[in-house]
Amino acid sequence: AKQIIGTSERMLDLVKKLLDINMLESGAFQMDFYAFDIIPLLDMLVEQYTAPAAAKQIAIRCEYQISRGIILANEQAVMQILDNIVSNAVKYSPSGRKIWVRLTEEQGFVRIAVQDEGPGLTEEDKKKLFGKFVRLSAQPTGNEHSTGLGLSIVKRMVEAMNGRVWCEAELGKGVTFYVELPSVRVEAALGLGQAV
């Protein structure tokens with residue numbers, strides 16, 4: 001019964017991701033943009049992954065260089081993007097390693113960086129990283145499942161919010177994913193949570 005439930009959950013996850021990517025590609029994926037502080041969202045996400053990471057003897061460290069990270073974006077989409085990147089870091093990190101979640105502000109953008117100490121990526125991996133149904137050389141370290149769709153959805157969602165996403169990696173030296181989203185000046189964000 002446990003195996004059937006697990007298979008059903010994976011199938012549901014795949015269907016949801018296929019629907020997401022179909023909507024993104026057809027332009028039917030509509031997002032309202034709001035000014036909101038990304039820090040509480042990042043804190044919640046780190047808390048969510050602390051126990052699964054600890055089960056693999058992996059520590060997640062936060063390094064925020066700003067006290068507020070107000071962005072103009074869709075909160076649900078940002079959550080999905082960051083969830084994918086942090087979960088990948090946990091999924092592909094060997095036991096006993098660390099993951100860093102960093103937050104900075106760079107010329108009109110809030111930048112989130114998620115760095116792991118996993119197996120890194122080959123040059124071939126890097127070329128096909130954000131493609132659909134892509135399986136890379138790295139394997140999950142705890143028998144976790146991968147559809148190969150996550151990063152292609154991440155890229156389309158980030159770009160739909162006028163941001164950018166990229167990756168820096170070396171084979172054997174881990175991976176750092178960067179997501180930049182448009183920042184909002186604090187004075188302009190007094191109506192925090194208001195649609196624009």
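So is GLU159 open to solvent by 70 Å² or more (accessible area, probe 1.4 Å), at pLDDT below 90 and on the phi < 0 side of the Ramachandran plot or not? Considered against the rule, which asks whether it is open to solvent by 70 Å² or more (accessible area, probe 1.4 Å), at pLDDT below 90 and on the phi < 0 side of the Ramachandran plot, GLU159 comes out as no.
Residue under question is VAL90, and the condition is that it be touching a helix residue (DSSP H, G or I) at 6+ places or on another chain (Cβ under 6 Å), within 18 Å of GLU170 (Cβ to Cβ), surrounded by 19 or more Cβ atoms within 10 Å (Cβ to Cβ) and not charged (D, E, K, R); does it hold? In short, no. Taking the condition in contact (Cβ under 8 Å) with a residue 40 or more places away in the chain and either of a type in the set (Asp, Glu) or over 23 Å from GLU159 (Cβ atoms) (or both), does VAL46 pass? Against the criterion (in contact (Cβ under 8 Å) with a residue 40 or more places away in the chain and either of a type in the set (Asp, Glu) or over 23 Å from GLU159 (Cβ atoms) (or both)), VAL46 qualifies.
Tell me whether region 93-105 contains one or more residues that are of a type in the set (A, V, I, L, M, F, W, C) and touching a residue at least 60 places away in the same chain (Cβ under 8 Å).
Yes, there is a match, as at least one residue in region 93-105 is of a type in the set (A, V, I, L, M, F, W, C) and touching a residue at least 60 places away in the same chain (Cβ under 8 Å).
Number of residues in region 93-115 that are in contact with a Gly (Cβ under 9 Å, 6 or more places away or on another chain), open to solvent by 10 Å² or more (accessible area, probe 1.4 Å) and within 15 Å of ALA54 (Cβ to Cβ) equals 3. Looking at region 133-140, is at least one residue open to solvent by 50 Å² or more (accessible area, probe 1.4 Å) and at pLDDT 95 or above? No; the residues of region 133-140 include none that is open to solvent by 50 Å² or more (accessible area, probe 1.4 Å) and at pLDDT 95 or above.
In region 1-106, counting only helices (runs of 4 or more DSSP H) that sit wholly within it, the ones holding 3 or more residues that are modelled with pLDDT of 95 or more span 38-55.
The values are calculated or read from the model by the stated rules, or taken from the named source; none is laboratory data. Since we're looking at a predicted model, the values are computed, not measured. Note that we place each Cβ from the backbone using ideal geometry, even for glycine, and neighbour counts take in every protein chain shown. When the accessible area is computed, the model is the full protein with side chains, heavy atoms only, and any ligands, DNA or RNA have been set aside. Shrake-Rupley method; radii C 1.70, N 1.55, O 1.52, S 1.80 Å.
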